[in-house]
Amino acid sequence: MIPFRLIAQPGVPIADQVAFAAKKAIFSGKLRPGDAFPSVRALGRAMKIHANTAQKVVAQLAAEGLIEVLPGIGTVVAQPAAPRSGRARLLASDLEHLTVQAMQIGVSLEELQSAMGECWRRLAGEDGR
C-alpha cells in the first residue's frame, strides 16, 4: 500500500505531482526514515502511471536525497537533511502564486500576513495549531 494519494491536476506533469505527493508524505511523517518506499513497479501500478514515469519519480526523489536505493534491500526513505526547509519548498509555487495575486490587486505585505494569520486561526481552531 502506498501512503500517499494523487489527485491529478491538469497542466502539471504527472511525475511532478507524484513526487510532490511523496514529499508531502515524507515531510509530514507518514513515511519515516528507514521505511520502505514502493518499487518502481509498485509505484506505477498503484498510481496508474507508466513505469518510465514512476522511474522518473524515484530518480528525482533519490537525487534530492529523500530516498535511497539500496542494492539487495530495496528503496527506503532517507533521513532528510533539512526537513523544515523541505516542507517550505513544497509551498514555494503556491506562495509565489499568492504573492503575485496579492501584488496585482494592491494588497500590502502586512495585509497579506494578517489575512493569512486569520485564515490559519480559523482553519486550525482556537489554539492556532
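Points worth noting:
- A Cβ distance below 7 Å, combined with a sequence gap of six or more or placement on separate chains, defines the contacts here; from the stretch 96-111, residues that are free of Cβ contacts under 8 Å to residues at least 12 places away in the same chain reach residues that are surrounded by 11 or more Cβ atoms within 10 Å (Cβ to Cβ) in the pairs A102/L112.
- Residues of the stretch 69-92 that are open to solvent by 50 Å² or more (accessible area, probe 1.4 Å) and modelled with pLDDT under 75: A81, P83, R84, S85, R87, A88, R89.
- Any hit, the stretch 101-108, residues being on the phi < 0 side of the Ramachandran plot, in a helix (DSSP H, G or I), surrounded by 13 or more Cβ atoms within 10 Å (Cβ to Cβ) and modelled with pLDDT of 90 or more: yes
- Any hit, the stretch 1-24, residues being among the charged types (D, E, K, R), surrounded by 13 or more Cβ atoms within 10 Å (Cβ to Cβ) and farther than 30 Å from L112 by Cβ: no
- Among the residues of the stretch 1-35, the one identified as assigned to a loop (DSSP other than H, G, I, E, B) and polar (S, T, N, Q) is Q9.
- A54 vs. criteria in a helix (DSSP H, G or I), under 14 Å from the mean Cα position of the chain (by Cα) and in contact (Cβ under 8 Å) with a residue 12 or more places away in the chain: no
Listed here are the residues, each with its yes/no results for (1) closer than 15 Å to V76 by Cα; (2) of a type in the set (F, W, Y); (3) in contact with a strand residue (DSSP E or B) (Cβ under 7 Å, 6 or more places away or on another chain).
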position: V18; (1), (2), (3): no, no, no
position: K23; (1), (2), (3): yes, no, no
position: G34; (1), (2), (3): yes, no, yes
position: R45; (1), (2), (3): no, no, no
position: Q60; (1), (2), (3): yes, no, no
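- Where W120 falls short, out of the listed (1) surrounded by 10 or more Cβ atoms within 10 Å (Cβ to Cβ); (2) modelled with pLDDT under 90; (3) within 21 Å of I7 (Cα to Cα): (3)
The values are calculated or read from the model by the stated rules, or taken from the named source; none is laboratory data. Since this is a predicted model, take the numbers as computed values, not measurements. Positions of Cβ are generated from backbone atoms using ideal geometry, with glycine treated the same way; all protein chains shown enter the neighbour counts. Ligands, DNA and RNA are stripped out before the accessible areas are found, and what is left, the full protein with its side chains, is counted by its heavy atoms. Shrake-Rupley method; radii C 1.70, N 1.55, O 1.52, S 1.80 Å.
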